[in-house]
Structures are given as C-alpha cells and as structure tokens.
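Trainee: I am attaching a structure below and will ask some questions about it afterwards.
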Amino acid sequence: MFGVILGVIGSALLADEKGTNLAEARAAVEANLKTPEGKAYDERLGKEFLEKQLSKMKQCKQTAGDDLESFWILMKLDTDGAVKEILLHPTTKMGTCARETLLKSTFSPPPRPTYWVSIYMKLTH
C-alpha cells in the first residue's frame, strides 16, 4: 500500500526534467500552504487525488517491479484545475508511469492560476 501526503517539499529535491525550476516550484508550494485558502485547497486536493488517481497508482505500483521508492509529485495546475506540468523526485518507475495520466487530469480549480501543489507518495512494501 502507499500513503499520500500533501505538503511542504524537503530542500534536497532536484528536478528531473527541463521546465520550471524546482526551487521556484517548491517556493510556490510553500507560499500556497501559508494561506488559509491554500491550506483548504491542499486538504481538498488530497481527497480528490485519492478518489481520481488511486486505481492508476495501484496499477503503476504493480508495474514498477522492485522500484518502490517513495517519491514527490509536484504539479502545476491551471485556472481550471488542469495539470500543466509535473516534476518528480526522485524519478521512479511508478512516478513515470503515473506522469502521463496525471498530465491529462483535471482537479478542482485552485485558488489562483499557475498554482503549484506537492504530493508525497509514501510507498510501503
């Protein structure tokens, strides 16, 4: 099984692809979580992520083999809640598997456009 934790990202993360700088994404997540609407959205998104993505995450876990390291998913959401960018750390088979589905996903509209959120996928064997 695995758990999902939304929240602040540790300082040791590195981006695995070109696009938004990880430090900027992390700073945006931290700033978002400091606001009342950001905290409320974080809670709502956590529940919504489980409802919409749990079955895909389970499928990806099965195909990941022994690559079951916990990892962060950072998502940039557009005004309508569409996922516009994803950063993973570290890059794992499970995260890579989930990336394509997540890039086609839409969540509840965030408080502001270009809104960064983080999801920690804690995997247990």
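Computed from the coordinates by the stated procedures, all read-outs in this text should not be read as laboratory data. Just so we're clear, the structure is a prediction, and the values are computed from it rather than from any experiment. Note that we place each Cβ from the backbone using ideal geometry, even for glycine, and neighbour counts take in every protein chain shown.
Trainee: Could you work out the per residue convex hull volume over the alpha carbons of segment 21-62, in cubic angstrom? Walk me through the intermediate numbers first.
Mentor: Details: hull volume 3.3 nm³, N = 42.
Roughly 78 Å³ of hull volume per residue.
Trainee: Just to be sure I understand the curve: with the Debye formula and one point per C-alpha of segment 72-114, what is log10 I(q)/I(0) at q = 0.18, 0.19, 0.34 Å⁻¹?
Mentor: For segment 72-114 at q = 0.18, 0.19, 0.34 Å⁻¹, log10 I(q)/I(0) is -0.48, -0.53, -1.14.
Trainee: Tell me, what is the Rg over Rh of segment 2-123, with Rh the Kirkwood radius over Cα pairs?
Mentor: For segment 2-123, the value is 0.93.
Trainee: Rank-order 59-66, 83-90, 37-44 by packing density, defined as the average count of other C-beta atoms within 10 Å over each peptide's residues, highest first.
Mentor: Working: 59-66: 13.5, 83-90: 18.8, 37-44: 15.4.
Top of the packing list down: 83-90, 37-44, 59-66.
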